[in-house]
1. For S78, all conditions in the list (1) under 30 Å from G9 (Cα atoms); (2) more than 15 Å from the chain's Cα centre (by Cα) hold save one; what is the number of the exception?
2. Hey, could you check segment 174-210 for residues that are modelled with pLDDT under 90 and surrounded by 20 or more Cβ atoms within 10 Å (Cβ to Cβ) and say which is farthest from A120 (Cα to Cα)?
3. Looking only at segment 91-107, how many residues end up being open to solvent by 20 Å² or more (accessible area, probe 1.4 Å), outside any loop (DSSP other than H, G, I, E, B) and within 25 Å of A28 (Cβ to Cβ)?
4. Among the residues of segment 108-128, write down those that are assigned to a helix (DSSP H, G or I) and open to solvent by less than 20 Å² (accessible area, probe 1.4 Å).
5. Every residue in segment 129-161 that is more than 12 Å from S97 (Cα to Cα), open to solvent by 20 Å² or more (accessible area, probe 1.4 Å) and in a loop (DSSP other than H, G, I, E, B), please.
Amino acid sequence: RSPGTILEGKYRLGEKIGAGGFGAVFRATHLGLNRPIAVKIFRPTPGNDSVQAVERFKREGVSAARLNHPNVVTVLDSGVSPDGIAYLVMELLEGRSLAEELHARRRLTVRRTAQILHAASLALAEAHRIGIIHRDIKPENIFLHQTEQGEIIKVVDFGIAKLMEEAGAEAHKLTATSSIVGTPSYMAPERLRNQDYDGRSDVYSLGVVFYECVCGRTPF
């Protein structure tokens, strides 16, 4: 998608402000409200282009919107355009990710790390309370949002890893294998072994992030 594209007559895309394994994020405008927003466009991959995958994406959008917490990026809308483009509409964040902060500073003080990760842990606690597991906690998914009232830590991409993980498993059904989506350096052992897991796998990942923040590298 290029700047100027209008999604479903409601959202006009502007500049690309981020990209990752799942797709790209654009600064955008809600035309009805004339309000700045962010729109995440998902990259088609084998297994996520079926009717079932589209329905699952819609459910995940509803699930992400259910998670209402000051330390979670707010999901405003989700959908699939007539030409099959899946997207999420979110609040527009200003600032940089924890990954960018670490790239600039290499490491953080224990006090600063605790301040950031305490906020992230509150977001995870609320998600786990309502049955949502993030599955891809890493510095790239923790954002240092700058507002007029000060910094607010935001955890982003809730539910997306689950969506892609299920799509990958569906794509590999014929070989009786599954695809695990996430970032191995931050992934809990039970997930790497394709075993049952719960919210504690997110806590493990947060511990790896803590280590990286104070030591300047991941433990493994």
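1. (2)
2. The qualifying residue farthest from A120 (Cα to Cα) is V181.
3. 4
4. Hits for segment 108-128 are T113, I116, L117, A119, A120, A123, L124, A127.
5. Hits for segment 129-161 are I130, G131, I133, R135, E148, Q149, D157.
The values are calculated or read from the model by the stated rules, or taken from the named source; none is laboratory data. Note that the structure is a prediction, hence the values are computed from the model and not measured. Note: ideal-geometry Cβ built from the backbone for every residue, glycine included; neighbour counts use all protein chains shown. Protein only, heavy atoms only, side chains kept; ligands, DNA and RNA dropped before computing areas. Shrake-Rupley method; radii C 1.70, N 1.55, O 1.52, S 1.80 Å.
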